[in-house]
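Values in this text are rule-based calculations from the coordinates and carry no lab data. Everything quoted here is computed from the prediction, not taken from an experiment. Cβ placement follows ideal geometry from the backbone for every residue including glycine, while neighbour counts extend to all protein chains displayed.
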Amino acid sequence: MSETMFYILFTLRTEQHGYGVIKYVEELTDGRIVLGAGTVYTSLGKLAGDGLVTETSRDDRRTYYLITHLGTDILRQEAERIAELYRYAKEIQ
């Protein structure tokens with residue numbers, strides 16, 4: 001899973017629209033990651049197609065998304081993988 005996908009899934013643990021995802025990820029990473037709208041909406045389409053997020057509501061301008069149970073399981077697995085990488089990376093220092 002890419003870092004971008006991880007952060008998008010992480011953000012969608014609470015219901016959010018695309019622009020909200022962009023702002024939250026930027027805030028969460030202290031500006032290190034600034035997602036473009038195209039990246040976010042392409043990623044949301046892929047995540048929805050894979051059953052990892054679901055569209056919860058839509059108004060005139062925004063579509064809201066939320067992580068699914070499957071998405072939560074995948075996010076946890078990815079977090080475990082990253083934690084393992086971190087354990088080994090600490091040995092390099």
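Descriptive notes on the structure:
- Number of positions in the stretch 32-69 that are within 13 Å of the chain's Cα centre (by Cα) and either under 15 Å from Leu12 (Cβ atoms) or among the polar types (S, T, N, Q) (or both): 18
- Whenever a residue of the stretch 1-15 is farther than 17 Å from Leu70 by Cβ and touching a residue at least 12 places away in the same chain (Cβ under 8 Å), its partners that are assigned to a helix (DSSP H, G or I) and small (Gly, Ala, Ser), lying with C-beta atoms within less than 8 angstrom and at least six residues away or across chains, give the pairs Thr4/Ser43.
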